[in-house]
Amino acid sequence: MKPNPFTPTFGKVPPYLAGREEIIDEMAQAFTNGPGDPNLSTIIVGARGTGKTALLTCIANEAASLGWITASVSAAPGMLDDILQRAKEAAEEYVSDAEKVSIREIGIPQILSVRLERSSEEKPNWRTKMNRLFKEFEPLGIGLLITVDEVTVKLDEMVQLASVYQHFVRENKRVALIMAGLPYQVSELVNDSRVSFLRRARRQTLGRLPDAEIENALLATVEDAGKRIGEAALLEAVSAIDGFPYMMQLVGYRSWAASRSEEITVSDVKRGAKQAADEFRLGVIETTFRELSPMDIRFCEAMAEDKGGSRLSDVAARMGVKSNYASQYKKRLLTAGVIEASSGFIRFAIPGFAEYVRHRAPRRV
């Protein structure tokens, strides 16, 4: 039995990261350029299931190939110390590898890993500790990439990191900060006056992918792993995925698992897509729905009466409110990544969300 190549696992980089090539190329150029490149301060924004964590991992891998080390953390208590420890750990591994190759040729003191450890009697703050690390990195030409997932302004350490990082940039440190979070979390963070400089950070917004990119990535993943998928089955899968990166991994994984031959059939995809939809509902849709306010839900219910896109005026009429009042909830839902707007229409940005609202959401009077 051939191993399943699809990866519907948190943060796992799939064999083909569909639709993210441009972002990855820009980041690779930024790591090559070093200090001064605007992409070294980037915020990745997207709803659940758009592949933020996988992209962070892919960017870290790209950085490693270009001589950078990474401290990857989530926004949680103890985050600053974790960054320091992860950076030390990564530096020690880097030095160890360098010693195996040709440590004398690049003139790196073999006591570097020892020098990273300071007296426990000293009580420097986090910025001072990090500056000491940067001094150790200078002879090696090492850059430090800090990645932070699930950003939130409610964590004081998140604000402290952002505040100190701007000093690292001003001091021309070889450092990068790539953060990722849900749209409303990022909005709260960048609008906080304590870290207003983050408004100048590069913003990469992840959303639906074109069907053609999903089709190409799905086909390549299946064929490279040693199976086939017919055109009808491929189109069935693309339709079920609806442009969502996490759904691509779920549908691909379940369709592959359902297949008992060398070719994934339409029947396999239909069975796999049903399982994937159930998992997506539990892991993404219901979690997102629970975060909505009663008026957010009322707005969504009014939207769900349309089979395609909705006009704000129609939604407001169904809610029994004026358009300028309804527009406040349109903005909230756009910020949360639940809906998207294009050409005067709004639509749900999350596959299956409209159906869930129609059949599962409590009706509001």
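The values are calculated or read from the model by the stated rules, or taken from the named source; none is laboratory data. Nothing here was measured: the structure is a model prediction, and the numbers come from that model. Positions of Cβ are generated from backbone atoms using ideal geometry, with glycine treated the same way; all protein chains shown enter the neighbour counts. The protein model used for the area step is the full one, side chains on, heavy atoms only, and it has no ligands, DNA or RNA in it. Shrake-Rupley method; radii C 1.70, N 1.55, O 1.52, S 1.80 Å.
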Log10 I(q)/I(0) at q = 0.13, 0.17, 0.19, 0.30 Å⁻¹ for segment 202-263, from Debye over equal alpha-carbon scatterers, is -0.33, -0.54, -0.65, -1.45
Nonlocal amide H pairs with ALA71, under 5 Å, H built at 1.01 Å
LEU145, ILE146, THR147
P(r) histogram, all alpha-carbon pairs of segment 140-231 included - 5 Å bins from 0, percent
3, 10, 18, 16, 10, 9, 9, 10, 8, 4, 2, 0
Show me the three semi-axes of the equivalent ellipsoid for segment 254-294, from the C-alpha gyration tensor (sqrt of 5 times each eigenvalue), largest first, rounded to whole Å.
31, 7, 5
Expressed as a percent, the portion of alpha-carbon pairs in segment 249-349 spaced more than 15 Å apart is 66
Semi-axes (Å, rounded, descending) of the ellipsoid equivalent to segment 191-324 per its C-alpha gyration tensor are 36, 21, 14
Given a 1.4 Å probe and every protein chain left where it sits, what share in percent of the accessible area of the chain is carbon and sulfur?
48
How much length is gained if the chain between ASP156 and GLU138 is pulled fully straight, taking 0.36 nm per residue apart and subtracting their Cα-Cα distance, in nm to one decimal?
3.5 nm
Debye, to nearest 20: dipole size of segment 155-255, +1 on Lys, Arg Cβ, -1 on Asp, Glu Cβ:
600
Identify all lysines with a Cα-Cα distance to LYS123 below 28 Å; exclude those on the same chain that are fewer than 8 residues away in sequence.
LYS88, LYS135, LYS154, LYS173
Note to self: with every protein chain in place and a 1.4 Å probe, the chain gives an accessible area per residue in Å² of 49
For ARG228, distant residues with modelled amide H under 5 Å away
GLU263, ILE264
Relative contact order of the chain (C-alpha contacts under 8 Å, at least 6 apart) in percent is 20
Stretchable slack from VAL164 to GLU355, in nm (0.36 nm times residue separation minus alpha-carbon distance):
64.3 nm
Along the Cα→Cβ direction, 7 angstrom out, place labels at ASP37 and GLU223. What is the inter-label distance in nm?
3.2
If amide H atoms are modeled at 1.01 Å from N in the peptide plane, then the residues at a separation of 5 or more from THR205, or on another chain, having amide H under 5 Å from its own are VAL45
Once both labels are modelled 7 Å past Cα along the beta-carbon direction, what's the ALA76-ALA212 spacing in nm?
4.2
Using only Cα positions of segment 311-365, each an equal point scatterer, no hydration layer, compute I(q)/I(0) via Debye at q = 0.24 Å⁻¹ and quote the log10 values to two decimals.
-1.13
Crossing angle, helix 245-258 versus the chain [Cα axis fit, 0-90 degrees, rounded to tens]
70
Once phi for every residue in segment 63-70 is put through the Karplus expression 6.51 cos²θ - 1.76 cosθ + 1.60 (θ = phi - 60°), the whole-Hz ³J(HN,Hα) values, with Gly and Pro written as x, are 4, 4, 5, 10, x, 9, 10, 10
Express the Stokes-Einstein translational diffusion coefficient of the chain in µm² s⁻¹, to the nearest whole number, given a Kirkwood radius over alpha-carbon pairs, 20 °C and a viscosity of 1.002 mPa s.
94
